[in-house]
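First up is the structure itself, then whatever we jot down about it.
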Amino acid sequence: LDNAPTYLVFFNMAGGDAQALMTGHLFHSLLAVSMGSVFMGALTYIGNAPNFMVKSISDENGIHMPSFFGYIGWALAFLVPVFVIDTLVFFL
């Protein structure tokens, strides 16, 4: 549910017509909207509410978590290769 608002915004920016986006040459646009709203939220604490919640709970219990930019560094190191593989599998 935390990705639903992002999905709706991107869906409407892509035209908002479900029938047109599900069929024909616009199918890849709907796939890109879906993947972007789900996967890109994982790149930051702010972009994904559960990430921010886990950081807050960990900090409250004295468990060290990376800073905002530290988290982005870890996310880039581990998530970008996954995103590249997803792109190769689903878009090529």
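The values are calculated or read from the model by the stated rules, or taken from the named source; none is laboratory data. Predicted model only: the values in this text are computed from it and were never measured. Note: ideal-geometry Cβ built from the backbone for every residue, glycine included; neighbour counts use all protein chains shown. Just the protein is used for accessible areas: all its heavy atoms, side chains included, with ligands, DNA and RNA removed. Shrake-Rupley method; radii C 1.70, N 1.55, O 1.52, S 1.80 Å.
Across Gly24, Gly73, Gly36, mean-square fluctuation computed from a Gaussian network of the chain (C-alpha pairs under 10 Å connected) peaks at Gly24.
Please work out the FRET efficiency for the pair His64 and Met35, using the Cβ-Cβ distance as r and a Förster radius of 22 Å; give the result to the nearest 0.05. Computed FRET efficiency for His64 and Met35 comes out at 0.10. A 1.4 Å probe run over the protein chains yields, for the chain, 68 Å² of accessible area per residue, whole-number rounding. Using Stokes-Einstein with the Kirkwood hydrodynamic radius over Cα pairs, what translational diffusion coefficient do you get for the chain at 10 °C and a viscosity of 1.306 mPa s, in µm²/s rounded to a whole number? It comes out at roughly 107 µm²/s.
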